[in-house]
Number of protein chains: 2
Amino acid sequence: MAPGPTVALDGFGAELGFDVLAEGARLAAAEGIGLRVFGPPKELGLDGTDGIEVVPTEERIGNEEDPVAAVRTKKGASVVRAVADVAEGRADAVVSPGSTGATMAAATFGLRRLKGVQRPALAVQLPVPGQRVLFLDVGANVEVRAQHLVQFAYLGAAFSEAVLGVERPRVGLLSVGEESGKGRPEVAEANAILSRGEGVDFVGNVEGRDLPGGTADVVVTDGFTGNVSLKLMEGTAKAVAGAIGEAARSNPLSALGGLLMRPALGGLRRELAPDTTGGAILLGLRGVAVVGHGSSGAEGIANAVRLAARCVEVDAVGRTAALLRDSGAGRGELESGRAARDDA
Amino acid sequence: MAPGPTVALDGFGAELGFDVLAEGARLAAAEGIGLRVFGPPKELGLDGTDGIEVVPTEERIGNEEDPVAAVRTKKGASVVRAVADVAEGRADAVVSPGSTGATMAAATFGLRRLKGVQRPALAVQLPVPGQRVLFLDVGANVEVRAQHLVQFAYLGAAFSEAVLGVERPRVGLLSVGEESGKGRPEVAEANAILSRGEGVDFVGNVEGRDLPGGTADVVVTDGFTGNVSLKLMEGTAKAVAGAIGEAARSNPLSALGGLLMRPALGGLRRELAPDTTGGAILLGLRGVAVVGHGSSGAEGIANAVRLAARCVEVDAVGRTAALLRDSGAGRGELESGRAARDDA
């Protein structure tokens with residue numbers, strides 16, 4: 001047994017293939033993180049690696065399948081078994097390198113929700129220059145009520161403090177204007193609740209342009225807006241970087257300039273790479289579940305495993321539960337008849 | 001009278017001041033666009049300029065005021081009078097350099113909606129490298145029903161074809177996945193309606209990362225997601241460009257590289273500047289209303305006036321009305337009891 005936490009790793013789903021996934025697993029294991037990898041032993045070629053146990057698994061859930069239906073019927077699929085490993089105490093956290101939908105469904109069914117949490121939310125650290133911003137929900141809930149947004153604020157604040165080490169994280173609510181009444185009705189209502197709430201440092205509404213700006217450490221929104229925004233940021237950063245590269249190739253002097261700037265730009269490129277931060281974390285469950293970026297390289301896979309291990313080491317789940325309990329952020333559940341339908 | 005169209009220009013609201021606004025007006029007038037400028041004659045200093053008439057106006061609507069209330073009570077405010085100029089036939093189009101809310105409110109009250117249009121939408125050309133994408137709604141309607149999204153598709157397609165000269169524009173619906181059922185219920189429903197509809201070339205759902213990618217010529221979403229997305233793109237492009245500048249300053253070799261690249265990057269900077277495209281257009285009305293980018297320079301002001309003039313020249317309103325009529329996209333109004341509440 002490795003000295004650090006043990007992570008159950010879904011051996012399928014890495015777009016770049018088994019070799020890249022195995023290399024990522026090796027990088028993490030070399031740092032003392034125990035790994036149980038659910039995948040085909042031969043293709044993974046990890047047998048005998050210190051700290052890594054391969055649990056032979058041939059079944060997988062593909063990106064083209066309906067996640068909820070697939071998770072319910074394919075009990076032997078790698079991501080379902082990896083989640084069960086956590087639920088049954090053989091591993092401390094689960095990591096899947098891809099298929100966000102299947103991982104969310106498997107974790108939501110397989111790991112119970114924290115007391116008072118109506119909807120788990122998917123959070124990411126935004127790949128922006130400089131300061132890291134925790135952003136949620138990026139896709140677990142396309143529709144939300146005000147109480148859900150309020151809970152996301154508490155979930156995000158707890159994670160930011162416990163895992164990212166931000167002291168008294170500033171929490172912002174994404175909207176179309178800074179004034180408290182701006183935005184959809186549920187956003188305005190969440191603003192009102194958070195403004196009179198305790199336990200988080202609520203800075204009010206933030207706008208799209210503030211997301212990269214770091215006016216808040218945690219930014220909360222619904223899963224539709226969050227998912228669109230995350231992909232838009234990635235797309236825009238890529239488009240701008242691509243256009244700059246094109247400008248550099250437009251004439252010999254520019255090309256020389258680009259060459260001279262390359263070392264300095266390398267750091268920025270790493271900083272902006274979506275897999276630098278380890279992927280998305282499903283918050284609000286009684287266990288740690290991380291979804292890596294689908295196109296992650298080995299370092300990206302290792303980062304996802306490291307993030308999961310770190311969550312275990314700092315007891316992110318326990319600290320989140322404590323914040324929810326102390327702040328009373330979960331009480332909304334009792335007021336709502338709709339909460340029951342979330343029970344799976 | 002100038003040979004071209006006449007544009008009623010709100011003389012207040014340019015963040016950079018009257019001089020910048022006046023200079024923008026001069027640039028547009030020099031190209032044969034007639035201008036009626038509503039503002040303080042002395043500060044504007046435009047008297048005697050060929051093609052420009054200053055209509056003395058001292059009252060304005062500030063950014064801090066509630067737009068709807070202000071428009072209803074301040075009948076003498078510059079933006080209200082500029083809109084009335086169009087409604088009463090003295091000008092062909094209205095342009096305001098700032099206060100999106102007040103301009104939207106004034107135009108929606110002052111210019112009637114096209115037959116069948118339930119909700120006017122605010123559209124922008126996205127400042128992305130390469131191809132221009134028309135994006136709507138960026139803030140007129142924070143909540144929408146499926147039928148509104150469908151109408152936005154027709155409004156956007158008509159504008160793209162008539163004003164931007166895109167032949168058979170491809171229209172995409174912004175969502176969290178490409179599959180037709182993905183996203184909020186109203187998005188899934190709009191996808192179904194557009195898929196069986198005629199008159200627009202519907203390419204299905206597009207994701208956040210596709211927005212800068214140019215997989216569609218027109219991208220449709222609700223005003224909340226659209227507003228957040230637009231500001232996020234601007235913020236991200238600025239953050240990336242800023243980080244690149246910082247990288248260039250990080251050591252002498254990089255600095256030399258940055259210097260050599262500067263001429264090539266200048267074109268890109270202009271391409272990414274939010275005011276290059278002339279601002280946002282309110283679609284779905286029986287008149288042309290353009291809102292410039294608040295922080296526009298003189299060239300940005302001129303671009304907003306040019307955009308408005310071009311809309312008049314190509315009869316954007318008439319062609320939009322024709323597309324709506326031929327496609328039957330406006331029929332949803334009759335089916336909905338809620339349409340009445342939009343009437344002001």
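Conditions (1) more than 10 Å from chain B (Cβ to nearest Cβ); (2) crowded, with 17+ Cβ neighbours inside 10 Å; (3) closer than 23 Å to B:LYS182 by Cβ, marked per residue:
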site: A:PRO185; (1), (2), (3): no, no, no
site: A:ALA188; (1), (2), (3): no, yes, no
site: A:ASN205; (1), (2), (3): yes, yes, no
site: A:PRO212; (1), (2), (3): no, yes, no
site: A:ALA237; (1), (2), (3): no, yes, no
site: A:VAL240; (1), (2), (3): no, yes, no
site: A:ALA248; (1), (2), (3): no, yes, no
site: A:ASN251; (1), (2), (3): no, no, no
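Restricting attention to region A:130-155, which residues are among the hydrophobic types (A, V, I, L, M, F, W, C) and either over 13 Å from the mean Cα position of the chain (by Cα) or within 17 Å of A:SER175 (Cβ to Cβ) (or both)?
A:VAL133, A:PHE135, A:LEU136, A:VAL138, A:VAL142, A:VAL144, A:ALA146, A:LEU149, A:VAL150, A:PHE152, A:ALA153
Among the numbered criteria (1) at pLDDT below 85; (2) closer than 29 Å to A:ARG184 by Cα, which one does B:GLY226 miss?
It is condition (1) that B:GLY226 fails.
Taking the residues in region B:190-203 that are free of Cβ contacts under 8 Å to residues at least 60 places away in the same chain and among the aliphatic types (A, V, I, L, M) as candidates, determine which candidate is nearest to the other protein chains (Cβ to nearest Cβ).
Among residues in region B:190-203 that are free of Cβ contacts under 8 Å to residues at least 60 places away in the same chain and among the aliphatic types (A, V, I, L, M), the one nearest to the other protein chains (Cβ to nearest Cβ) is B:ALA190.
Among the residues of region B:195-229, write down those that are in a loop (DSSP other than H, G, I, E, B), within 20 Å of the chain's Cα centre (by Cα) and hydrophobic (A, V, I, L, M, F, W, C).
Once the filter is applied, which keeps residues that are in a loop (DSSP other than H, G, I, E, B), within 20 Å of the chain's Cα centre (by Cα) and hydrophobic (A, V, I, L, M, F, W, C), region B:195-229 yields B:LEU211, B:ALA216.
Does A:ARG168 satisfy being surrounded by fewer than 24 Cβ atoms within 10 Å (Cβ to Cβ), at pLDDT below 90 and more than 8 Å from chain B (Cβ to nearest Cβ)?
Considered against the rule, which asks whether it is surrounded by fewer than 24 Cβ atoms within 10 Å (Cβ to Cβ), at pLDDT below 90 and more than 8 Å from chain B (Cβ to nearest Cβ), A:ARG168 comes out as no.
I want to confirm something. Restricting to region A:302-315 and keeping residues that are assigned to a helix (DSSP H, G or I) and open to solvent by 10 Å² or more (accessible area, probe 1.4 Å), which single residue is nearest to A:GLY98 (Cα to Cα)?
A:ASN303
I'd like to check which strands (runs of 3 or more DSSP E) are fully inside region A:1-57 and have at least 3 residues that are farther than 18 Å from A:VAL291 by Cβ and not charged (D, E, K, R).
A:52-56
Taking region B:91-150 only, how many residues are open to solvent by 10 Å² or more (accessible area, probe 1.4 Å), within 14 Å of chain A (Cβ to nearest Cβ) and at pLDDT below 90?
8
Return the only residue of A:SER160, A:SER180 being surrounded by fewer than 24 Cβ atoms within 10 Å (Cβ to Cβ), in contact (Cβ under 8 Å) with a residue 24 or more places away in the chain, under 19 Å from A:GLY204 (Cα atoms) and among the polar types (S, T, N, Q).
On inspection, the qualifying residue turns out to be A:SER180.
Yes/no per residue for (1) outside any loop (DSSP other than H, G, I, E, B); (2) under 29 Å from A:VAL240 (Cβ atoms):
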{"residue": "B:ALA106", "(1), (2)": "yes, no"}
{"residue": "B:GLY116", "(1), (2)": "no, no"}
{"residue": "B:LEU122", "(1), (2)": "yes, yes"}
{"residue": "B:VAL142", "(1), (2)": "no, yes"}
{"residue": "B:HIS148", "(1), (2)": "yes, no"}
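Out of curiosity, is B:THR57 under 29 Å from A:LYS182 (Cβ atoms), among the polar types (S, T, N, Q), in contact (Cβ under 8 Å) with a residue 40 or more places away in the chain and open to solvent by less than 30 Å² (accessible area, probe 1.4 Å)?
It is true that B:THR57 is under 29 Å from A:LYS182 (Cβ atoms), among the polar types (S, T, N, Q), in contact (Cβ under 8 Å) with a residue 40 or more places away in the chain and open to solvent by less than 30 Å² (accessible area, probe 1.4 Å).
Which pairs turn up if I take residues in region A:63-87 that are among the acidic types (Asp, Glu) and look for partners that are open to solvent by 20 Å² or more (accessible area, probe 1.4 Å) with beta carbon separation below 7 Å, at least 6 apart in sequence or on another chain?
A:ASP85/A:ARG36
Run down B:LEU232, B:LEU260, B:LEU173 and say which single residue is out of contact with any Lys or Arg (no Cβ under 6 Å at 6 or more places or on another chain), farther than 28 Å from A:ARG184 by Cβ, free of Cβ contacts under 8 Å to residues at least 60 places away in the same chain and not in a loop (DSSP other than H, G, I, E, B).
Of B:LEU232, B:LEU260, B:LEU173, the one residue that is out of contact with any Lys or Arg (no Cβ under 6 Å at 6 or more places or on another chain), farther than 28 Å from A:ARG184 by Cβ, free of Cβ contacts under 8 Å to residues at least 60 places away in the same chain and not in a loop (DSSP other than H, G, I, E, B) is B:LEU260.
Within region A:280-299, work out how many residues are assigned to a loop (DSSP other than H, G, I, E, B) and over 13 Å from A:LEU136 (Cβ atoms).
So the answer is 8.
Is at least one residue of region B:264-272 more than 28 Å from B:ARG306 (Cα to Cα), buried (at least 18 other Cβ atoms within 10 Å of the Cβ) and over 20 Å from the mean Cα position of the chain (by Cα)?
Within region B:264-272 (the criterion being more than 28 Å from B:ARG306 (Cα to Cα), buried (at least 18 other Cβ atoms within 10 Å of the Cβ) and over 20 Å from the mean Cα position of the chain (by Cα)), the answer is no, since none of the residues qualifies.
Return the only residue of B:ALA77, B:ALA82, B:ALA87 being over 30 Å from B:GLY172 (Cβ atoms), touching a Leu at 6+ places or on another chain (Cβ under 9 Å) and open to solvent by less than 20 Å² (accessible area, probe 1.4 Å).
So the residue among B:ALA77, B:ALA82, B:ALA87 that is over 30 Å from B:GLY172 (Cβ atoms), touching a Leu at 6+ places or on another chain (Cβ under 9 Å) and open to solvent by less than 20 Å² (accessible area, probe 1.4 Å) is B:ALA82.
Tell me yes or no: at least one residue of region A:13-35 is touching a Leu at 6+ places or on another chain (Cβ under 6 Å), of a type outside the set (Val, Ile, Thr) and within 19 Å of A:MET104 (Cα to Cα).
yes
The values are calculated or read from the model by the stated rules, or taken from the named source; none is laboratory data. Note that the structure is a prediction, hence the values are computed from the model and not measured. Note: ideal-geometry Cβ built from the backbone for every residue, glycine included; neighbour counts use all protein chains shown. Accessible surface areas use protein heavy atoms only, side chains included; no ligands, DNA or RNA. Shrake-Rupley method; radii C 1.70, N 1.55, O 1.52, S 1.80 Å.
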